[in-house]
1. Of (1) touching a residue at least 24 places away in the same chain (Cβ under 8 Å); (2) away from the ligand (no atom under 16 Å from the Cβ), residue A:329 satisfies all except one. Which?
2. Determine which member of the set B:57, B:47 is assigned to a loop (DSSP other than H, G, I, E, B) and more than 14 Å from chain A (Cβ to nearest Cβ).
3. Test residue A:21 against the criterion of being at pLDDT 95 or above, more than 16 Å from the ligand (Cβ to nearest atom) and closer than 21 Å to residue A:150 by Cβ, and give yes or no.
4. Which residues, taken from the range B:1-24, are in contact with a helix residue (DSSP H, G or I) (Cβ under 6 Å, 6 or more places away or on another chain) and within 10 Å of chain A (Cβ to nearest Cβ)?
5. So if I check each of A:322, A:243, which one is part of a loop (DSSP other than H, G, I, E, B), surrounded by fewer than 16 Cβ atoms within 10 Å (Cβ to Cβ) and not assigned by TED's automatic domain parsing to the domain that holds residue A:102?
6. Would you please name the residue that is surrounded by the fewest Cβ atoms within 10 Å (Cβ to Cβ), looking only at residues in the range B:102-127 that are more than 9 Å from every other protein chain (Cβ to nearest Cβ) and in a helix (DSSP H, G or I)?
7. Give A:103, A:36, A:32 a once-over and let me know the one that is more than 9 Å from every other protein chain (Cβ to nearest Cβ), within 16 Å of the ligand (Cβ to nearest atom) and either touching a residue at least 60 places away in the same chain (Cβ under 8 Å) or surrounded by fewer than 21 Cβ atoms within 10 Å (Cβ to Cβ) (or both).
Ligand code: SF4
């Protein structure tokens with residue numbers, strides 16, 4: 001006798017989509033229509049707003065489930081942006097959208113969504129930002145969609161999904177000193193490729209993951225987007241995959257052996273990953289510490305530890321962007337910002353800053369940037385002839401001090 | 001009702017490689033352009049401005065796998081559509097780009113054979129529901145994935161907005 005649908009073991013993605021679509025069980029490749037629990041947008045809420053008005057419905061489906069957080073261009077860097085900000089502000093007020101985080105109230109959308117308790121495990125979360133996958137670290141089926149599709153969600157409160165198959169990634173072993181979640185996920189992206197998880201769900205687990213902080217788990221879920229993942233989960237207490245759930249494949253990683261060195265994503269794609277020692281001598285003009293990937297307290301802490309009592313190299317600028325107002329204030333209280341500034345860092349207001357190439361740290365032609373952000377595409381942070389190397393916060397800080405790509409252990413040993 | 005035909009005919013404007021990301025298609029610095037038609041002015045602006053400059057209405061962009069990877073920015077699909085592209089044909093698409101394209105009424109056709117089987121200037125006939133691309137210049141037939149019925153429904157409606165408009169505002 002076969003298993004009845006009720007006893008079919010399911011992955012995290014399958015369980016959440018089954019619940020949200022009112023089914024007992026779902027299987028990969030089925031199309032389901034799922035109720036959306038949370039719908040997040042940033043400045044592109046202006047595009048959503050326009051599409052929504054075109055549809056012609058007067059009221060959003062549920063104002064309490066919509067969150068809008070300005071982060072890409074704050075404070076407004078141009079009149080054009082100020083105009084879109086204003087339009088969204090007025091729309092939010094008119095629609096009764098109370099979860100609206102204006103300039104100075106929030107920070108980077110993913111950080112704010114998580115730290116303000118909007119996300120709970122088992123939710124279906126959609127955001128008009130590709131790194132919405134971050135919230136899989138809180139146990140949500142969380143994924144990015146486009147603005148017009150979001151207008152549909154604002155109208156109907158639901159969205160169709162193809163149930164993804166799941167790649168399981170088990171990580172054991174001990175991280176070496178200075179090696180972090182960023183190095184692990186860059187290593188994995190290097191192995192699987194920029195489309196290695198396209199349309200798939202990813203589940204991370206294993207002892208090395210279970211020892212990680214919440215902030216570090218968010219790094220994994222966030223960057224899984226860069227291998228195409230639809231959603232990415234790390235373990236949560238409240239729910240897990242069923243024992244016996246079916247995986248498309250399982251990848252095993254030993255954190256100590258496989259990720260023995262800091263990992264660097266070289267220009268111009270996130271899967272062009274090399275261990276630090278293989279990159280060679282590289283002069284660095286700008287070092288960026290921030291973003292929805294690595295702008296949290298633990299990232300600022302490690303950077304402060306590396307630069308404490310040292311000076312940023314004269315050819316290098318160190319740009320630091322706390323991920324949110326809350327992170328900024330905490331880092332201030334803990335003295336990390338003081339340490340970073342004493343070393344010569346500039347602190348930007350919480351937001352995306354130069355990550356998306358708009359303002360607050362744009363690169364000139366020929367310049368090299370080592371960045372804790374998540375994309376190194378051509379022209380991402382400025383000139384199409386600039387070069388972005390993605391690395392961990394510790395490597396960013398060490399490189400700022402050395403003026404070239406550097407291992408934090410080297411900087412520490414130099415006693416400068 | 002249909003403003004998208006299910007058999008498309010046109011020339012190949014460009015043949016691009018793999019992992020053409022959304023920053024290449026539509027740079028982040030122009031994201032505060034929220035008039036869909038105006039996004040066309042910045043299509044491929046940093047990397048391949050010559051593609052936009054020479055694009056004729058109905059021409060095709062052909063690429064390798066993972067077209068549209070990266071950001072969720074809808075402007076990438078909008079810029080292609082409003083610059084006049086008739087369709088994008090790629091080995092595979094990143095999922096958000098694919099959904100954006102269909103939602104805006106821009107056909108996105110998956111074909112593993114098109115990248116090697118097409119050159120700039122070739123004339124193609126694409127059967128969206130048949131899963132076949134005829135390269136009329138070369139006299140060859142290339143396999144493609146037939147669009148699923150949900151995508152066809154949206155394309156025939158002219159995109160998600162007109163589709164929802166009909167459903168809710170009638
Ligand atoms: S920090 Fe960068 S990647 Fe994250 S939401 Fe902002 S622009 Fe996107």
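The values are calculated or read from the model by the stated rules, or taken from the named source; none is laboratory data. All values reported here derive from a predicted model rather than from experimental measurement. Quick reminder, even Gly has a Cβ in these numbers, built from the backbone with ideal geometry, and neighbours come from all protein chains shown.
1. (1)
2. Values: B:47 fails: more than 14 Å from chain A (Cβ to nearest Cβ).
Step by step, each of B:57, B:47 is checked, and only B:57 is assigned to a loop (DSSP other than H, G, I, E, B) and more than 14 Å from chain A (Cβ to nearest Cβ).
3. Details: at pLDDT 95 or above: yes; more than 16 Å from the ligand (Cβ to nearest atom): yes; closer than 21 Å to residue A:150 by Cβ: yes.
Spelling it out, residue A:21 is indeed at pLDDT 95 or above, more than 16 Å from the ligand (Cβ to nearest atom) and closer than 21 Å to residue A:150 by Cβ.
4. In the first step, residues of the range B:1-24 are kept if they are in contact with a helix residue (DSSP H, G or I) (Cβ under 6 Å, 6 or more places away or on another chain); the result is B:2, B:4, B:14, B:22.
B:22, the sole residue that qualifies.
5. Values: A:322 fails: surrounded by fewer than 16 Cβ atoms within 10 Å (Cβ to Cβ).
Exactly one residue qualifies, and that residue is A:243.
6. Start the filter on the range B:102-127 by keeping residues that are more than 9 Å from every other protein chain (Cβ to nearest Cβ), which leaves B:102, B:105-127.
Checking the rest, the ones that are also in a helix (DSSP H, G or I) come to B:102, B:114-117.
Working: B:102: 26, B:114: 26, B:115: 19, B:116: 12, B:117: 20.
It comes out as B:116.
7. A:103
Residues checked against (1) within 16 Å of the ligand (Cβ to nearest atom); (2) in a helix (DSSP H, G or I); (3) away from every other protein chain (no Cβ under 12 Å); (4) in contact (Cβ under 8 Å) with a residue 12 or more places away in the chain:
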{"position": "A:82", "(1), (2), (3), (4)": "no, yes, no, no"}
{"position": "A:88", "(1), (2), (3), (4)": "no, yes, no, yes"}
{"position": "A:91", "(1), (2), (3), (4)": "no, yes, yes, yes"}
{"position": "A:94", "(1), (2), (3), (4)": "no, yes, yes, no"}
{"position": "A:110", "(1), (2), (3), (4)": "yes, yes, yes, yes"}
